[in-house]
Protein chains: 2
Amino acid sequence: MEENKKVKSAKISELRQDLITGDWVVIAIGRGKRPGEFVKKREAYPALSDKCPFCYPEETGQEKDVLVFRRGDGDWSLRVIPNKYPAFSRSQPLKSFEEGPYFGMSGSGYHEIIITRDHTRQIANLDPIEVAEIVDAYQDRYLNLMNKRSVNYIEIFHNHGLEAGASIEHPHSQLMAIPVVSPGVELELTGAEIYHKRSKKCVYCAIAEWELRNKKRLLFENDNFLVFCPYSARAAFEIWVMPKSHKPYFERITNEEKIDLGEALQKAAQMVWRTLEDPAYNFYLHTSPCDGKDYPHYHWHFEILPHTATWAGFELSTGIEISTIEPEVAARGLRKNI
Amino acid sequence: MEENKKVKSAKISELRQDLITGDWVVIAIGRGKRPGEFVKKREAYPALSDKCPFCYPEETGQEKDVLVFRRGDGDWSLRVIPNKYPAFSRSQPLKSFEEGPYFGMSGSGYHEIIITRDHTRQIANLDPIEVAEIVDAYQDRYLNLMNKRSVNYIEIFHNHGLEAGASIEHPHSQLMAIPVVSPGVELELTGAEIYHKRSKKCVYCAIAEWELRNKKRLLFENDNFLVFCPYSARAAFEIWVMPKSHKPYFERITNEEKIDLGEALQKAAQMVWRTLEDPAYNFYLHTSPCDGKDYPHYHWHFEILPHTATWAGFELSTGIEISTIEPEVAARGLRKNI
């Protein structure tokens, strides 16, 4: 009987607060899944009925490339083209309109695709220096578009796999230059400013410092970047890639930093690929808006979200994501596969 | 040549602002899809290897029912049971904890399942009065839990279909009583308060008034409720069900209003079921927190999100959802199927 009294009730779940935004996530560990149970190979794509449009972009009636990188032999290694089916287009001048109490504006902007040469080699399978070249293209296009009329935010992201919303299998990233500041980034900008007022410190620098010291969620580091699972992960195996020192503006990244970022992103993608056995995933850049204002307290970073769960009624309603593995346990699994 | 000059560049997309939160959505209409092109029958469930746990909840080792409604013949028509795999549990006392700069707390709370009798009849196929009975159970459990220690918000939601996160096919809703206020509702509470300060008016009442007058997104109305596609829909075929008059607190719903809400929810589910041919969907209640504060400017409502799209890198990063049909066009399609 004494034994029974000592049995503690098992831990079922905990709420963790996002240090930046104040939002919450639930880590539901009641079922105690191990990293291997999250393996979720992405769906196969249907066979192509025609040539891949990203292997031969010049044959698809696209507008001309806006950027091409070439190898020594003259063949291209990376190209950037306008999206044939844009969500934002410069052909629509920026106009606002009203309907009753409501407000809207035309989808004026730019929507581009950043394509790497090889149809079958995803980021996890590229050389780090090839990923640095992708970063180079991100920066080039960013600098080119950031001062265009009516561009206030530039969103750079990468969808991998059907379940993650990539309708074309050929590896590619996307860039959308849009007239409004992303609400997702605005929450972080506000949180970072509040934290700085209170603590005289950048909240992302505080996170970097803790994760580098504490190490239990740290996955990789080099001179300029750290790769880690965030404390309040929104999805199982979420990973952040962040500059170690305080950097508000992605577009100011140096050549040396690009090399290190290429390595950090490649390692992160490789750990995800090996641990979850080629899952679908998304990653995206969060950086300061280009709306003419200064954001000295912000700190740019990449967030990587493997497609490990379905966000259902609870998540859609509350904005509180439920994940079923502790980020520390996910990190242990990922580190084994570096 | 004169002809050519008159050709206006085709409209590709527009940004619409959420009147309540200030967030944005993109309506990308460049490809001009018609309502019929969104048909997305939900996936079939794998065959059950054993008895359905919700047809025979007493045989699954669940804790006892917390609520049972019975028919004239004594058989049950609806029952509420604690979730066997809870995300929040009262077995965990509310404790907060820290790790370095971070903050968290135990997942203390309640997690219940509201089950209707028939394994095969989803809400679209129930009689309106049977849906009113579900609403009755929502209210009953809400009133029972709202004053429990450490409960500050009660989330009620319904997942239908595998793609929408329902692991069990038998129709059921869920209730989670949680220690924090939902960030999703907090954005609306803040927006509603700001709007009221500026306009001396409830923002939801302003919306109801406009939609009832303008009618192009209106789907159905009875004495107490309106059913409509919101101006800034986050997903194709999103529907809201809202009281016509100003109501901050769901738990104060009257018997007469429950009858009308049952009818409104059933009609909404039926339109979705017929138009998209039995898609997966989620719906959920947004109501004032039960944290002891007053929320005179809030206005409760249900939001229904058919599973019509994948939220990919852009949506996950920015919080701006891209939908590919104008809510007015979706409404025309839905109204044909009432």
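Filter segment B:134-160 down to residues that are within 14 Å of another protein chain (Cβ to nearest Cβ) and modelled with pLDDT under 95, then give me how many there are.
The number of residues fulfilling the criteria is 1.
Of all the residues that make up segment A:108-136, how many are over 30 Å from A:V181 (Cβ atoms), of a type outside the set (A, V, I, L, M, F, W, C) and outside any loop (DSSP other than H, G, I, E, B)?
Going through segment A:108-136 one residue at a time, the tally reaches 3.
Does A:G30 count as part of a helix (DSSP H, G or I) and at pLDDT below 95?
So A:G30 does not fit the description; no.
How many residues, within segment A:67-98, are of a type outside the set (G, A, S), out of contact with any strand residue (DSSP E or B) (no Cβ under 8 Å at 6 or more places or on another chain) and more than 7 Å from chain B (Cβ to nearest Cβ)?
3
Which of (1) within 11 Å of chain B (Cβ to nearest Cβ); (2) surrounded by fewer than 21 Cβ atoms within 10 Å (Cβ to Cβ) does A:G292 not meet, given it meets every other one?
A:G292 satisfies every listed condition except (1).
Residues are listed down the side, and each one gets a yes or a no for (1) within 30 Å of B:G22 (Cα to Cα); (2) free of Cβ contacts under 8 Å to residues at least 24 places away in the same chain:
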| site | (1), (2) |
| --- | --- |
| A:D65 | no, yes |
| A:F69 | no, no |
| A:F88 | yes, no |
| A:Q92 | yes, yes |
| A:I113 | yes, no |
| A:I123 | no, no |
| A:G161 | no, no |
| A:I168 | no, no |
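Is segment B:182-201 home to any residue that is part of a loop (DSSP other than H, G, I, E, B) and modelled with pLDDT under 95?
yes
Quickly run through segment B:91-105 and pick out the residues that are part of a loop (DSSP other than H, G, I, E, B) and in contact with a Pro (Cβ under 9 Å, 6 or more places away or on another chain).
B:L94, the sole residue that qualifies.
Restricting the search to segment B:202-220, which residues are out of contact with any strand residue (DSSP E or B) (no Cβ under 7 Å at 6 or more places or on another chain), not basic (K, R) and not in a helix (DSSP H, G or I)?
Selection gives B:C202 alone.
Quick one: which of A:L19, A:L48 is of a type in the set (A, V, I, L, M, F, W, C), within 14 Å of chain B (Cβ to nearest Cβ) and assigned to a loop (DSSP other than H, G, I, E, B)?
From the options A:L19, A:L48, the qualifying one is A:L19.
Give the residues of segment B:161-213 that are within 12 Å of chain A (Cβ to nearest Cβ) and among the β-branched types (V, I, T), sorted by residue number.
B:I178, B:V180, B:V181, B:V185, B:T190, B:V203, B:I207
Quick one: is B:V68 surrounded by 16 or more Cβ atoms within 10 Å (Cβ to Cβ), among the β-branched types (V, I, T) and touching a Lys or Arg at 6+ places or on another chain (Cβ under 8 Å)?
no
Select from segment A:240-296 the residues that are under 26 Å from A:E209 (Cβ atoms) and either assigned by TED's automatic domain parsing to the domain that holds A:A124 or of a type in the set (A, V, I, L, M) (or both) and list them in ascending order.
If the condition is that a residue be under 26 Å from A:E209 (Cβ atoms) and either assigned by TED's automatic domain parsing to the domain that holds A:A124 or of a type in the set (A, V, I, L, M) (or both), then A:V241, A:M242, A:I253, A:I259, A:L261, A:A264, A:L265, A:A268, A:A269, A:M271, A:V272, A:L285 are the ones that fit.
When only residues in segment A:297-317 that are out of contact with any His (no Cβ under 7 Å at 6 or more places or on another chain) and touching a residue at least 12 places away in the same chain (Cβ under 8 Å) count, which is nearest to A:V135 (Cα to Cα)?
Top of the filtered list is A:F302.
Is it the case that segment A:219-239 has a residue that's buried (at least 19 other Cβ atoms within 10 Å of the Cβ) and more than 26 Å from A:H307 (Cβ to Cβ)?
For segment A:219-239, residues buried (at least 19 other Cβ atoms within 10 Å of the Cβ) and more than 26 Å from A:H307 (Cβ to Cβ): present.
When you scan segment A:225-338 for helices (runs of 4 or more DSSP H) that lie fully inside it, which ones turn up with 2 or more residues that are in contact with a Leu (Cβ under 7 Å, 6 or more places away or on another chain) and of a type in the set (S, T, N, Q)?
By residue number, A:255-275.
Out of curiosity, is B:N255 over 22 Å from B:Y153 (Cβ atoms) and in contact (Cβ under 8 Å) with a residue 40 or more places away in the chain?
It is false that B:N255 is over 22 Å from B:Y153 (Cβ atoms) and in contact (Cβ under 8 Å) with a residue 40 or more places away in the chain.
Provide a single number: the residues in segment B:190-233 that are farther than 28 Å from B:R335 by Cβ and in contact with a Phe, Trp or Tyr (Cβ under 6 Å, 6 or more places away or on another chain).
1
Quick one: in segment A:116-131, of everything that is more than 14 Å from chain B (Cβ to nearest Cβ) and buried (at least 23 other Cβ atoms within 10 Å of the Cβ), which residue is farthest from A:K293 (Cα to Cα)?
A:T116
Among the numbered conditions (1) touching a helix residue (DSSP H, G or I) at 6+ places or on another chain (Cβ under 6 Å); (2) in a helix (DSSP H, G or I); (3) of a type in the set (D, E, K, R), tell me where A:E155 comes up short.
A:E155 satisfies every listed condition except (2).
Can you pull out the residues in segment B:279-306 that are charged (D, E, K, R) and within 30 Å of B:K41 (Cα to Cα)?
Hit for segment B:279-306 is B:E303, nothing else.
Answer yes or no as to whether A:Y110 is surrounded by 12 or more Cβ atoms within 10 Å (Cβ to Cβ), in contact with a helix residue (DSSP H, G or I) (Cβ under 6 Å, 6 or more places away or on another chain) and of a type in the set (F, W, Y).
Answer is yes for this residue.
Taking the condition among the hydroxyl-bearing types (S, T, Y) and under 20 Å from B:R335 (Cβ atoms), does B:Y295 pass?
So B:Y295 fails the test.
Within segment B:300-325, take every residue that is within 7 Å of chain A (Cβ to nearest Cβ) and hydroxyl-bearing (S, T, Y) and give me the one that is surrounded by the fewest Cβ atoms within 10 Å (Cβ to Cβ).
Ranking the candidates gives B:T310 first.
Residues in segment B:151-191 that are crowded, with 20+ Cβ neighbours inside 10 Å and of a type in the set (S, T, Y): how many?
3
The values are calculated or read from the model by the stated rules, or taken from the named source; none is laboratory data. Just so it is clear, the structure is predicted and the values come from calculations on it, not from any experiment. Glycine gets a Cβ as well: all are built from the backbone with ideal geometry, and neighbour counts include every protein chain shown.
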